[in-house]
Amino acid sequence: MPLPSLESFCFAAVGDVHGRMHRMVSFLQAWSKRARHELDFVLQVGDFEPHRDEADLATMAAPARHKHLGDFADYHQKRRHFPWPVHFIGGNHEPHGYLDTEPRGFQLAPNCHYLGRSSAVDLNGLSVVGVSGIHDAASFQKPHPPLSLLGSVSNKAFTFFHEEDIERALAFGRADVLVVHDWPSGIIATQDRGAFAQQRRSPDADAVGNEYARLLTEALQPRLVLCGHLHKGYRGVLAHTSGPPSQVCCLASVEQGAEAFAVFQVSSLGIREITHLGTPEPA
Ligand SMILES: [Zn+2]
């Protein structure tokens with residue numbers, strides 16, 4: 001099943017940004033210069049943290065020591081510009097008082113687009129499905145809390161994806177690229193399982209990821225799944241009973257450097273990772 005006849009182009013994927021937009025931009029600009037490849041757009045896997053001000057920051061679920069305004073105000077107030085369109089989903093650390101005003105997604109600043117709770121976009125002929133948030137069994141079947149409850153319930157209540165989001169994503173039927181915050185479950189290869197035993201945030205390979213990201217991967221059969229959340233770079237594969245497998249690209253956080261970034265070349269042959277071409281020094 002080849003991709004539709006597409007002009008060859010490149011796009012970047014970026015792990016958790018946590019407000020470090022300047023670092024994201026400078027890293028990708030350096031890559032582009034060294035590899036002599038232009039980027040057409042950027043997909044970001046959540047924990048982007050686009051806070052305009054302290055009021056936005058106050059609506060993010062996070063311990064006080066992790067609450068930093070970050071760089072976004074510079075882009076929102078047009079002192080800086082994203083050189084390429086950046087499309088992001090929500091993670092579990094986002095200003096819900098801002099993002100949830102438009103749950104279907106919106107443009108926050110020039111070249112900066114929130115994909116919403118669950119949506120599909122066509123980028124250069126590539127169909128991209130994004131689902132924001134993380135899994136929580138206790139709230140999964142309930143509706144999203146209304147924005148009017150912000151401040152009177154825990155900010156955390158706004159950080160989950162719900163059944164309605166998954167159903168909406170499944171209804172898209174197919175995707176070339178799936179963007180989720182947490183990993184699909186069951187993607188860690190046998191030979192890599194030992195490495196996960198040492199991880200603070202992923203103590204057990206069986207406990208890594210969630211079943212709904214996996215369900216979406218199995219149903220939409222994307223060529224590529226992008227995720228972050230665990231602040232760890234990893235590449236996995238999910239095979240399907242028919243058709244090509246899904247490559248799963250798990251990205252570290254921007255603060256960690258090069259492992260937060262991946263670059264892909266899209267052509268009629270498929271989607272191929274070319275990050276290694278001209279990888280710059282860690283930002
Ligand atoms: Zn994060």
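The values are calculated or read from the model by the stated rules, or taken from the named source; none is laboratory data. Since the model is a prediction, treat every value here as computed from it, not as a measurement. Cβ placement follows ideal geometry from the backbone for every residue including glycine, while neighbour counts extend to all protein chains displayed. Side chains are part of the model used for accessible areas, which takes the heavy atoms of the whole protein and leaves out ligands, DNA and RNA. Shrake-Rupley method; radii C 1.70, N 1.55, O 1.52, S 1.80 Å.
Here are the numbers for the structure shown:
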| item | result |
| --- | --- |
| Coil-residue GluC sites (Glu not before Pro) of the stretch 165-242, DSSP, other Cβ within 10 Å capped at 13 | none |
| Accessible area (Å², per residue) of the stretch 9-273, counting only protein heavy atoms and a probe of 1.4 Å | 42 Å² |
| Approximate spin-label separation residue 197-residue 235, in nm, with each point projected 7 Å along Cα-to-Cβ | 2.6 nm |
| Translational diffusion coefficient (Stokes-Einstein; Kirkwood radius from C-alpha pairs) of the stretch 190-279 at 10 °C, 1.306 mPa s, in µm²/s | 110 µm²/s |
| Descending principal axes extents, the chain, alpha-carbon based, whole Å | 50, 42, 38 |
| Kyte-Doolittle at least -0.5, axis length at least 15 Å by Cα - qualifying DSSP helices, the chain | 21-35 |
| Estimated FRET transfer efficiency when R0 is 45 angstrom, pair residue 54-residue 170 (beta carbons, to 0.05) | 0.75 |
| Fully extended contour minus Cα-Cα distance, from residue 268 to residue 107, at 0.36 nm per residue | 55.0 nm |
| 27 Å Cα-Cα reach of residue 33 towards lysines, excluding residues that sit fewer than 8 places from it in its own chain | 78, 232 |
| Rounded percent of accessible protein surface that carbon and sulfur make up, the stretch 63-120, 1.4 Å probe | 48 percent |
| DSSP bridge orientation in the stretch 9-273 - percent antiparallel, rounded to nearest 5 | 50 percent |
| Within a Gaussian network of the chain (alpha carbon springs, distance under 10 Å), most fluctuating of 266, 131, 45 | 266 |
| Extension reserve of the residue 122-residue 140 stretch, reckoned as 0.36 nm per residue once the Cα distance is removed | 3.7 nm |
| Restricting the stretch 1-101 to GluC sites (Glu not before Pro) in coil, as DSSP defines it, with at most 10 other Cβ within 10 Å | 7, 38 |
| Residue 206-residue 79 pseudo-label distance in nm [points 7 Å out on the Cα-to-Cβ vector] | 5.1 nm |
| Ranked by how many other beta carbons lie within 10 Å on average, peptides 219-226, 244-251, 269-276, 121-128 from highest | 219-226, 244-251, 121-128, 269-276 |
